[in-house]
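Asks: Please read through the structure below; I'll follow up with questions.
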Amino acid sequence: MKISVLGGGPAGLYFALLMKRSDPDHDITVTERNPAGATYGWGVVFSDRTLGSFREADMKSYEDMSESLITWDAIDIKYRGETIRCEGQAFAGLGRRKLLQILQDHCRSLGVVMAFEEEVPDPSLLTSADLVVAADGVHSLTRKVYEKHFRPRVVHGRSRFVWFGTTMPFDSFTFIFRTNAHGLFQVHAYPFDGTTSTFIVECNEDVWANAGLDRATEDETVAYCEELFADDLHGHRLLTNRSLWQSFATVTNAAWTHGNVALVGDAAHTAHFTIGSGTKLAMEDAIALASALTRQQDLPGAFGEYEAARKPLVKRFQKAARQSQRYFENTARYLHLDAPQFAFHLLSRSGRMGYGDLRVRDERLMSRIDAWFAASARSVNEHGGAPISPPPAFIPLRSGRLALANRIAMEVPELASGVVAGAALVMTERVAVSAIGRISPRDPGIYLEEHVAKWSDVVARSSSGSALMGICLSHAGRRAATADRSLATDVPLAHDAWRPLAPSAIPYGRRAQVPLEMTEAQMKDVEDEFVTATGRAARAGFDVLKLDMSHGYLLASFISPISNHRTDGYGGETSARFRFPLSVFDAVRAEWPEDKALSVSLGAVDWESGGTSLDDAVWIAQHLKEHGCDLVEVTAGQASSGSRSYYDPYLLTSYSDRIRNDAGIPTAATGMITSIDDVNTIVAGGRADVCYLLAPLALRSGSVE
């Protein structure tokens, strides 16, 4: 084949090398607009696994790379004058200029034509090439020319960063956090040869502007950063190479191939530098594309194999990178955390490493975090001052009126009898406060006096040891009067239906009934129903009461602008939409025994355009705290039948993290939390105080004895 490679970075050169190695008859030209020795980065980082893939792809270039690698096995976190080290992290660093030299030498020895300081003005003019490989970077001209086919999306981050080198020889992947009068600055530093390290400085845009760095020259930026990080540089200097402040651009493309053109590396995708995977992903693209072209007989088949192999893997890396990027854009949120928890939160930020992974890598560090967590929970005496602390999931929680034996909660149906072993909090499913507040006719309720005895029996059968029993009081609102959910979800009753209530006469979905828009008198009636149900729950013996403000049910529907279009004092701004739910909360708090905990299930985000935002949820949580709420259970979605669902186990936890640390209220994380390791990771990192462990299928079907 005649192959034209646009871009002489690692992806383009490695692809050319691999293709020429597979068949010397390929006619391959690499065109690069910069000089042969030019590069605008410093070092690159690879894991053991990545190096293994290089070894399998091409032993000769791998051997040359390995001779120049600097290896280390630790991450250092410098925070509040303390350095916390996490070992067991295998990394290898290599100078970017050295990597390019190795790849250029191998391409040259194989007969690849390399044209430096040349530029292809229009990739569509390369009509004589059988294959065009676009390795032309984040600002890819090829991607722009074929934009309607690749359908790219470029999203810029909210932080600013500048890329330096330094003569300071770091011996680990080092994160540094320093504050001054202008705000928080953070450093990502790592070695790549025996004398030089990469040194990336990052800060939020407002900090960048406050410091005058938005107007600073390169020399002024160097002087500012050298002074700020003098204690970390130990007299060493920062080195520049077009070291200009920029925001990170995350690139995605709907398609990576078109006709005879394939995108690789940054032209196809980018992943935030905080997970150190850009060059790795680019070179692995080269391996996958070269392998597919070798195996397949035609371009469509090869391109299909390439995209099928790479896109899901890259998507997972980009997801982890987005989570890592979000963390570093909001690090100031966590500056109140003690050093061990701050370090653990950072190490587990992307979702790729959890509590169990880190314990395997560094037992000593995790034992320290366990001990800190136990001490911070004031549980040392309860464990007899033992030298080995239990994992965070099994540390008691003492916060206000809430006292749990551990950090595990579970929700079980009314009909599930017996004890849920291990959970400190066992919560009922939604229990209706009135007949018309039921979702379906068979739903459990507590709106009649005779219900008290039934629930008393449930509490007696399900209580065990130190576990607390909780009840969730709810009113279905516009989601009421639907068929049993064992048959279908949100399908209106065909017979014996009742008229649902809602803040506005807007049906939950296309097939749903149009609800009655509530009058103030009806609001007062519903509030009284919640209060009466609260009294009954107390007499039934429940320890904890949860008020449902989630998933599109009545109180949530007042909060959401999707369902609340009122023009009176109960609609409009967030404070007005929250007026009725807060009034219900206050009335319930007054009725519920003062020494018992009251929690709220809060929909943090509607996942619909124009719906409730996370900022709204933080504001609401702050007010709930002021009014005596002990715990916020964080959920999302289902504001209407058109609400999009996200099956991302980290997403709901990230909402809990934001509400807990911004509103300063204990939170319960929900979602796909399926293991004790998940619980350990979430609570040890300060993302939540309690986790709802997903109940086994037998419990959810109500068949447990």
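The values are calculated or read from the model by the stated rules, or taken from the named source; none is laboratory data. Because the structure is predicted, anything quoted here is derived from the model rather than measured. As a convention, Cβ positions derive from the backbone with ideal geometry for all residues, glycine included, and neighbour counts pool all protein chains shown. These accessible areas exclude ligands, DNA and RNA; they are computed on the full protein's heavy atoms, side chains included. Shrake-Rupley method; radii C 1.70, N 1.55, O 1.52, S 1.80 Å.
Asks: Only bridges whose two residues both fall in the range 417-568 count here: according to DSSP, what percent of them are antiparallel, nearest 5? The partial results should precede the final answer.
Replies: On the way: 1 of 14 bridges.
Bridges in the range 417-568 that DSSP calls antiparallel: roughly 5 percent.
Asks: Also: Over the range 200-255, average the accessible area per residue using a 1.4 Å probe and give it in Å², no decimals.
Replies: 49
Asks: Kindly report the accessible area of the range 453-503 per residue (heavy atoms of protein chains, probe 1.4 Å, no ligands, DNA or RNA), in Å².
Replies: Working: 2080 Å² over 51 residues.
Per residue, the range 453-503 has an accessible area of 41 Å².
Asks: Send over a whole-number figure in Å² for the accessible area per residue of the range 118-180, probe 1.4 Å.
Replies: The answer is 51 Å² per residue.
Asks: Further, regarding this structure: Residue-wise, which Karplus ³J(HN,Hα) couplings in Hz belong to the range 616-629, taking 6.51 cos²θ - 1.76 cosθ + 1.60, θ = phi - 60°, and x for glycine or proline?
Replies: Using θ = phi - 60°, the values come out as 4, 5, 4, 4, 4, 4, 4, 6, 4, 4, 4, 9, x, 6 Hz.
Asks: Expressed in nm to one decimal, what extension gain is obtained for the pair Asp677 and Arg333 from 0.36 nm per residue of sequence separation less their Cα-Cα distance?
Replies: Contour length minus the Cα-Cα distance gives 121.4 nm.
Asks: Once the Cβ-Cβ distance between Leu487 and His623 is put in as r, and R0 is 35 Å, what FRET efficiency do you end up with, to the nearest 0.05?
Replies: The formula returns an efficiency of 0.35 here.
Asks: How much length is gained if the chain between Ser645 and Thr195 is pulled fully straight, taking 0.36 nm per residue apart and subtracting their Cα-Cα distance, in nm to one decimal? Please report the intermediate quantities before stating the final value.
Replies: Numbers: separation 450, 0.36 × 450 = 162.00 nm, distance 5.00 nm.
Between Ser645 and Thr195, full extension yields 157.0 nm more.
Asks: Let me ask something else. Reported to two decimal places, what Rg/Rh ratio describes the range 540-682 when computed on Cα atoms with Rh from the Kirkwood expression?
Replies: Values: Rg = 14.9 Å, Rh = 15.4 Å.
Taking Rh as the inverse mean 1/r over Cα pairs, Rg/Rh reads 0.97.
Asks: Taking all protein chains together and a probe of 1.4 Å, list Arg333, Arg361, Arg310, Arg215 from the most accessible to the least accessible.
Replies: Reading off the accessible areas and sorting them downward yields Arg215, Arg361, Arg333, Arg310.
Asks: Calculate for the chain the 222 nm mean residue ellipticity that helices alone would give, adding -39,500 (n - 2.57) per DSSP H run of length 4 or more and normalising by residue count, nearest 500 deg cm²/dmol.
Replies: When only DSSP H runs of four or more count, the value is -11000 deg cm²/dmol.
Asks: Still on this model: Can you give the net charge of the other residues whose Cβ lies under 11 Å from the Cβ of Thr71, counting K and R as +1 and D and E as -1?
Replies: -3
Asks: If the reach is capped at under 17 angstrom between alpha carbons, list the lysines near Lys60, excluding any in the same chain fewer than eight residues apart.
Replies: Once the sequence-local lysines are set aside, what remains near Lys60 is Lys20, Lys98.
Asks: Tell me, what ³J(HN,Hα) does each residue in the range 168-181 have, in order and in whole Hz, if you take phi through Karplus 6.51 cos²θ - 1.76 cosθ + 1.60 with θ = phi - 60° and put x for Gly and Pro?
Replies: For the range 168-181, the Karplus curve yields 6, x, 4, 10, 7, 6, 10, 9, 10, 10, 9, 10, 9, 4 Hz.
Asks: At a 1.4 Å probe radius, which order do Glu449, Glu117 fall into by accessible area, largest first?
Replies: In descending accessible area the options line up as Glu117, Glu449.
Asks: What translational diffusion coefficient, in µm²/s and rounded to a whole number, does the Stokes-Einstein relation yield for the range 421-524 at 20 °C and a viscosity of 1.002 mPa s, taking the hydrodynamic radius as the Kirkwood radius over Cα pairs?
Replies: The estimated diffusion coefficient comes to 141 µm²/s.
Asks: What order do His139, His26 take when sorted by accessible area (1.4 Å probe), most exposed first?
Replies: Values: His139 150, His26 20 Å².
Result of the area sort, largest leading: His139, His26.
Asks: If you don't mind, another one. For the range 5-134, what D do you get in µm² per second when you plug the Kirkwood radius from alpha-carbon pairs into Stokes-Einstein at 25 °C and 0.890 mPa s?
Replies: Calculated translational D: 149 µm²/s.
Asks: Each residue of the range 589-604 in order: what ³J(HN,Hα) in whole Hz does its phi give by Karplus 6.51 cos²θ - 1.76 cosθ + 1.60, θ = phi - 60°, with x for Gly and Pro?
Replies: 4, 5, 7, 6, x, 4, 8, 9, 6, 10, 10, 9, 8, 10, x, 6
Asks: Shifting gears a bit: For the chain, give the magnitude of the charge dipole about the Cα centre (Cβ charges: +1 Lys/Arg, -1 Asp/Glu; no others), in debye to the nearest 20.
Replies: Working: 71 positive and 86 negative charges, 153 e Å.
The dipole magnitude comes to about 740 debye.
Asks: Quick one: P(r) of the range 253-378 from all Cα-Cα pairs, 10 Å bins, percents rounded to integers, in order of increasing distance.
Replies: Binned Cα distances yield the sequence 12, 31, 24, 17, 11, 4, 0.
Asks: Also: Can you give the charge dipole size of the range 625-674 about its Cα centre, rounded to the nearest 20 debye, using +1 on the beta carbon of Lys and Arg and -1 on the beta carbon of Asp and Glu? Before the final figure, lay out the partial values.
Replies: Details: 4 positive and 6 negative charges, 26 e Å.
So the dipole magnitude of the range 625-674 works out to roughly 120 debye.
Asks: Next up: Which percent of the accessible heavy-atom area of the chain goes to carbon and sulfur, probe 1.4 angstrom?
Replies: 50
Asks: Rg over Rh of the range 250-324, using C-alpha atoms and the Kirkwood radius, what does it come to?
Replies: Result: Rg/Rh = 0.98.
Asks: Quick one: plug the Kirkwood hydrodynamic radius of the range 456-577 (C-alpha pairs) into Stokes-Einstein at 20 °C, 1.002 mPa s, and report D in µm²/s.
Replies: 134
Asks: Rounded to the nearest 10 Å², what accessible area does Arg499 show when all protein chains are kept and the probe is 1.4 Å?
Replies: My reading of the accessible area for Arg499 is about 110 Å².
Asks: Separate question: How much solvent-accessible surface does His495 expose, in Å² to the nearest 10, with a 1.4 Å probe and all protein chains in place?
Replies: Surface accessible to solvent at His495 totals approximately 140 Å².
Asks: At 7 Å along the Cα-to-beta-carbon direction for both Arg510 and Asp25, put a label point, then send me their distance in nm to one decimal.
Replies: Simple spin-label model gives 5.7 nm for this pair.
Asks: Under 5 Å between amide H atoms, partner at least 5 residues away or on a different chain: which partners does Lys546 have, H built in plane at 1.01 Å?
Replies: Ile471, Cys472, Leu473, Ser599
Asks: Of all beta bridges DSSP finds with both residues in the chain, what is the antiparallel percent, to the nearest 5?
Replies: Numbers: 50 of 104 bridges.
Counting DSSP beta bridges with both partners in the chain, the antiparallel share is about 50 percent.
Asks: Once amide H atoms are built 1.01 Å from N in the peptide plane, which residues 5 or more positions from Lys2, or in another chain, come under 5 Å H to H?
Replies: Asp27, Asp130, Leu131
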